[in-house]
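What follows is calculated from the coordinates using simple rules that are stated; it is not laboratory data. Please read all numbers here as calculations on a predicted model, not as lab measurements. For neighbour counting, all protein chains shown are included, and Cβ atoms are generated from backbone atoms with ideal geometry for every residue, glycine included.
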Amino acid sequence: IIRVGTSGSLQGDIPVDSFVSSTHGLGLDNLLNYYRLEHNEQESQLLQSFVTHTQLHAQITNPYISLASGSLLKHFVKDFHQGITVTCPGFYGPQGRVLRLGIKNPELIDRLTEFRFGPHRISNFEMETSAIYGLGRLLGHHCLSLSAIVANRVAKEFSKDSAKTIDRLIKTTLDNLSAS
């Protein structure tokens, strides 16, 4: 299963109109908490470090994480940035957007951007990857998420032609799969 979609970058060096292949899906959406997803030791340590750093606690979410399929990911290295993709349960407050209401964790975007665990960092966020990775893992599927970066939240930049970027990602995905 390969997700091909759009996303917002959380790193200054991942510009708009570039591509990300997600090494992990880190869920803030609680979906996988309804299933028997077991984390290995490294995943548990990464999650504990993430919760401590972001100050996201059980009142807001109980994060979970799943890995991409290595057999798929290896085909999407050249011309792709890689990193952890955070899956948010909504577009506004869960992605740190302040409207007329205050949010519980106003530093969330900065904390996501700054998070590091060994060689891992958060590259981007969207609303599907962790569910696809987690459910796919539980059902025995190989899953990968590929994103066209249409916004950079750090640089406050937006793609001037996101449709063109999405078309390039679709073509690149099909080319890489047919070449493998």
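Which lysines, if any, have their Cα less than 20 Å from the Cα of LYS78, not counting same-chain residues under 8 positions apart? Excluding near neighbours in sequence, the set is LYS164, LYS171.
Return the FRET efficiency for the residue pair ASP110, SER44: r is the Cβ-Cβ distance, R0 is 22 Å, and the value is rounded to the nearest 0.05.
Computed FRET efficiency for ASP110 and SER44: 0.35.
Take every pair of alpha-carbon atoms less than 8 Å apart whose residues are at least six positions apart; their mean separation over the length of the chain yields a relative contact order of 42 percent. With 0.36 nm allotted per residue and the present C-alpha distance subtracted, the ASP79-LYS156 stretch has 25.5 nm of extension available.
Residues within the reach of a label modelled at ARG168 (point 7 angstrom out along Cα to beta-carbon, backbone nitrogen below 12 Å), restricted to the stretch 3-29, are 15-20.
The alpha-carbon atoms of the chain define a convex hull whose volume equals 113 cubic angstrom per residue. With R₀ set to 22 Å, the beta-carbon distance separating ASP175 from ASP13 gives a calculated FRET efficiency near 0.35. Close amide H partners of THR6, meaning residues 5 or more places away or on another chain with modelled amide H under 5 Å apart, are ALA148. For the stretch 91-180, the alpha carbon positions stretch 47, 37, 27 Å along the principal axes, listed from largest to smallest.
Charges only on Cβ, +1 for Lys and Arg, -1 for Asp and Glu: so what's the dipole of the stretch 2-179 about the Cα centre, in debye to the nearest 20? Working shown, then result.
Values: 17 positive and 16 negative charges, 41 e Å.
The calculation lands at about 200 debye.
Amide H contacts of SER159: ALA151, each under 5 Å away and 5 or more positions distant or on a separate chain (H built 1.01 Å from N in the peptide plane; Pro and chain starts excluded).
Give, in whole angstrom and from largest to smallest, the semi-axes √(5λ) of the equivalent ellipsoid of the stretch 1-79, with λ running over the eigenvalues of the Cα gyration tensor. All intermediate terms of the calculation are to be shown ahead of the outcome.
Details: eigenvalues 118, 56, 31 Å².
Each semi-axis is √(5λ); the values are 24, 17, 12 Å.
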